[in-house]
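Structure record follows, encoded as structure tokens.
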Amino acid sequence: MSAVTVVTWKWTTPGYRSTFGPETVNTLARMVRRHYRPDVRVVCVIDEPEGIDTSVEIIPAWDDFAHVQSPHGEK
């Protein structure tokens, strides 16, 4: 097991002004491995895992609180 784990999150928010695809997660994983240690563990909590490199460990995002509205109103 690796001594260091880097965890990132990626989820889809319909209508949000910015979108991030799987290439963003893949690029982050490559950068971490390039500039850190080769045995670093990269994990992504994600709602749509399609396109993520197999070197990234996937944890499916849960939707327990999906019904809770944003305190900033609907966007």
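Specify which of the listed residues (PRO60, PRO71) is more than 14 Å from TRP11 (Cβ to Cβ) and not aromatic (Phe, Trp, Tyr).
Numbers: PRO60 fails: more than 14 Å from TRP11 (Cβ to Cβ).
Sole residue among the options that is more than 14 Å from TRP11 (Cβ to Cβ) and not aromatic (Phe, Trp, Tyr): PRO71.
Name the residue that is farthest from PRO60 (Cα to Cα), counting only residues in the range 14-49 that are at pLDDT below 90 and in contact with a Pro (Cβ under 9 Å, 6 or more places away or on another chain).
My answer is GLU48.
Can you pull out every residue in the range 44-57 that is surrounded by fewer than 10 Cβ atoms within 10 Å (Cβ to Cβ) and either acidic (Asp, Glu) or within 22 Å of THR13 (Cβ to Cβ) (or both)?
Taking the range 44-57 as the starting set, the residues that turn out to be surrounded by fewer than 10 Cβ atoms within 10 Å (Cβ to Cβ) are 50, 54.
Passing the criteria: only GLU50.
Pairs only if they're at least six apart or on different chains, beta carbon under 8 angstrom, first in the range 9-34 and under 16 Å from GLU48 (Cα atoms) and free of Cβ contacts under 8 Å to residues at least 12 places away in the same chain, second basic (Lys, Arg) and surrounded by 12 or more Cβ atoms within 10 Å (Cβ to Cβ); list them, first residue then second.
Short answer, once both residue conditions are applied: PHE20/LYS10.
Return the residue satisfying two criteria in turn: it lies in the range 1-44 and is small (Gly, Ala, Ser) and in a loop (DSSP other than H, G, I, E, B), and of such residues it is nearest to VAL68 (Cα to Cα).
Initial filter on the range 1-44 (small (Gly, Ala, Ser)): 2-3, 15, 18, 21, 29.
Add one more test, that the residue is in a loop (DSSP other than H, G, I, E, B), and what stays is 2-3, 15, 18, 21.
Values: SER2: 36, ALA3: 36, GLY15: 17, SER18: 21, GLY21: 24 Å.
It comes out as GLY15.
List every residue pair whose Cβ atoms sit under 8 Å apart, with the two residues 6 or more apart in sequence or on different chains, where the first one lies in the range 45-68 and is touching a residue at least 40 places away in the same chain (Cβ under 8 Å) and assigned to a loop (DSSP other than H, G, I, E, B) and the second, anywhere, is of a type in the set (A, V, I, L, M) and surrounded by 14 or more Cβ atoms within 10 Å (Cβ to Cβ).
Listed pairs, sorted by first residue: ALA61/VAL45; ALA61/ILE46.
Is it true that some residue in the range 36-43 is touching a Ser or Thr at 6+ places or on another chain (Cβ under 9 Å), of a type in the set (Asp, Glu), farther than 22 Å from THR19 by Cβ and surrounded by 10 or more Cβ atoms within 10 Å (Cβ to Cβ)?
Step one: list which residues in the range 36-43 are touching a Ser or Thr at 6+ places or on another chain (Cβ under 9 Å), which gives 37, 39-43.
Checking which are of a type in the set (Asp, Glu) leaves us with 39.
Still in the list and also farther than 22 Å from THR19 by Cβ: 39.
When the remaining residues are screened for being surrounded by 10 or more Cβ atoms within 10 Å (Cβ to Cβ), the result is 39.
Yes, there is a match, as at least one residue in the range 36-43 is touching a Ser or Thr at 6+ places or on another chain (Cβ under 9 Å), of a type in the set (Asp, Glu), farther than 22 Å from THR19 by Cβ and surrounded by 10 or more Cβ atoms within 10 Å (Cβ to Cβ).
The values are calculated or read from the model by the stated rules, or taken from the named source; none is laboratory data. Predicted, not measured: the structure shown is a model, and the values here were computed from it. With ideal geometry, Cβ positions are generated from the backbone for all residues, glycine too; neighbour counts draw on all protein chains shown.
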